[in-house]
Ligand SMILES: NC(=O)c1ccc[n+]([C@@H]2O[C@H](COP(=O)([O-])OP(=O)(O)OC[C@H]3O[C@@H](n4cnc5c(N)ncnc54)[C@H](O)[C@@H]3O)[C@@H](O)[C@H]2O)c1
């Protein structure tokens with residue numbers, strides 16, 4: 001077996017919108033605008049300045065904003081932050097201040113997202129804990145905004161189905177929705193996906209995907225702090241806000257599995273547990289067997305435990321070789337089209353792709369794919385929490401399944417109506433003694 005050869009083309013940093021591709025789709029864009037969105041009409045290949053709003057001004061939110069503004073530079077256009085929202089006003093103001101935004105355009109509270117979507121922004125970036133994504137995305141699409149949604153996009157089946165439905169609305173309105181699954185925008189992953197599709201490793205027969213890492217940060221409860229505030233600050237330790245780390249973090253690797261295989265699992269059986277986590281109600285580790293049908297199984301492993309072996313990645317074995325995520329491919333020589341990216345930074349490239357697609361009237365729409373990958377992760381979590389086999393159809397089709405309407409509470413909407421009650425800080429325990 002030989003290592004594959006391929007061609008990666010890095011375009012110039014000053015790549016500009018391709019006029020021919022814009023003109024070629026203008027009729028399509030016109031049709032979708034007639035279907036409801038007045039906003040997309042304001043963004044064309046000739047737009048010189050893009051206005052952006054941010055919901056969720058924490059670590060990734062400020063990172064995503066930087067990436068969006070960097071993407072504007074890559075495309076040779078101006079980007080301007082026009083509104084921020086965060087559950088905590090100080091966070092919204094902190095990010096705003098760094099970008100010269102007036103304090104009155106920085107909104108605080110659980111309904112602050114409504115002010116951002118009602119603002120004059122063209123794009124909304126969403127980087128709150130994932131439990132809020134379905135509601136925020138629905139509001140942004142309703143308001144006619146192009147959207148960047150951080151992964152994952154839900155914590156329960158109903159939330160994921162809502163994102164799929166909102167994605168359809170976005171499509172009808174000609175709005176772009178791009179997810180923060182940066183691997184799908186990185187040249188090495190794009191190359192390996194193209195090689196697999198070209199038959200480099202034959203038919204995929206199995207694989208393993210892993211996010212074995214360390215403990216996340218912990219936010220302790222302050223004296224007299226409300227349940228809502230504590231839960232919001234310490235969200236990475238609560239299933240209700242994060243989906244558990246199989247969803248919040250490991251969704252990246254599960255997304256690669258679904259993307260590379262080109263299909264969804266039929267069922268999941270798995271287990272997990274908790275040994276050392278000090279707060280919240282999540283597991284420390286999961287081990288899930290995903291049955292993709294046709295005798296293909298993918299083993300998913302994820303762990304958040306300090307002082308243990310750490311590895312993040314994906315590996316697939318095929319009838320004629322193997323592929324390591326975005327790394328080496330051992331298999332047959334194949335020819336694939338040149339892979340074109342504007343930057344080696346996948347987290348900037350995803351914004352370049354978002355913006356370009358909106359400006360050229362060919363909006364990308366990742367809503368379904370990221371909602372499905374999120375649901376694959378949720379499927380594994382449900383199996384581990386309940387000790388049951390969970391079928392894909394139990395989550396998307398079979399309304400009589402106890403899992404179909406399984407909902408995490410408090411839900412996003414409860415935070416807006418408040419007050420909310422803190423879930424018990426104990427993990428699920430499946431089975432019987
Ligand atoms: N693509 C990636 O590689 C990547 C990396 C890190 C995080 N993420 C994702 O980004 C999201 C945010 O993660 P983070 O690390 O920035 O967390 P964070 O805690 O640093 O930031 C979250 C922010 O959202 C705010 N917030 C919470 N609820 C809100 C609400 N209802 N309305 C408005 N603001 C609210 C919080 O106050 C906080 O400022 C998560 O979905 C996470 O999984 C993605």
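The values are calculated or read from the model by the stated rules, or taken from the named source; none is laboratory data. Everything quoted here is computed from the prediction, not taken from an experiment. Because the Cβ atoms are built from the backbone with ideal geometry, glycine has one as well, and the counts that use them run over all protein chains shown.
A quick yes/no check of all residues on (1) more than 9 Å from the ligand (Cβ to nearest atom); (2) buried (at least 16 other Cβ atoms within 10 Å of the Cβ); (3) modelled with pLDDT under 95; (4) under 18 Å from residue 355 (Cβ atoms):
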residue: 46; (1), (2), (3), (4): yes, no, yes, yes
residue: 57; (1), (2), (3), (4): no, yes, no, no
residue: 60; (1), (2), (3), (4): no, yes, no, no
residue: 63; (1), (2), (3), (4): no, no, no, yes
residue: 68; (1), (2), (3), (4): yes, yes, no, yes
residue: 72; (1), (2), (3), (4): yes, yes, no, yes
residue: 86; (1), (2), (3), (4): no, yes, no, no
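Please verify whether residue 164 is assigned to a helix (DSSP H, G or I) and farther than 19 Å from residue 346 by Cβ, treating the condition exactly as stated. Even if it seems obvious, please write down each step before you answer.
Values: assigned to a helix (DSSP H, G or I): yes; farther than 19 Å from residue 346 by Cβ: yes.
Here the answer is yes, as residue 164 does meet what is asked.
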Does residue 156 satisfy being within 9 Å of the ligand (Cβ to nearest atom) and out of contact with any strand residue (DSSP E or B) (no Cβ under 6 Å at 6 or more places or on another chain)? no
Pick out the one residue from 143, 118, 170 that is buried (at least 24 other Cβ atoms within 10 Å of the Cβ), over 16 Å from the mean Cα position of the chain (by Cα), more than 10 Å from the ligand (Cβ to nearest atom) and in the same structural domain as residue 66 (by TED's automatic domain parsing). 170
Counting only residues in the stretch 206-239 that are part of a strand (DSSP E or B) and over 22 Å from residue 128 (Cβ atoms), the one farthest from the ligand (Cβ to nearest atom) is identified as 206
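Could you grab me the full set of residues in the stretch 45-78 that are in a strand (DSSP E or B) and either more than 19 Å from the chain's Cα centre (by Cα) or not assigned by TED's automatic domain parsing to the domain that holds residue 95 (or both)?
49, 50, 51, 78, listed by residue number.
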Considering only the stretch 123-140, state which residues are more than 12 Å from the ligand (Cβ to nearest atom) and surrounded by fewer than 24 Cβ atoms within 10 Å (Cβ to Cβ). 138
Odd one out for residue 382 among (1) part of a helix (DSSP H, G or I); (2) assigned by TED's automatic domain parsing to the domain that holds residue 63: (2)
With respect to residue 187, determine if the residue is modelled with pLDDT of 95 or more and either within 16 Å of the ligand (Cβ to nearest atom) or over 29 Å from residue 384 (Cβ atoms) (or both). yes
Could you check residue 406 against (1) closer than 23 Å to residue 250 by Cα; (2) over 22 Å from the mean Cα position of the chain (by Cα); (3) in a loop (DSSP other than H, G, I, E, B) and say which number it fails? (2)
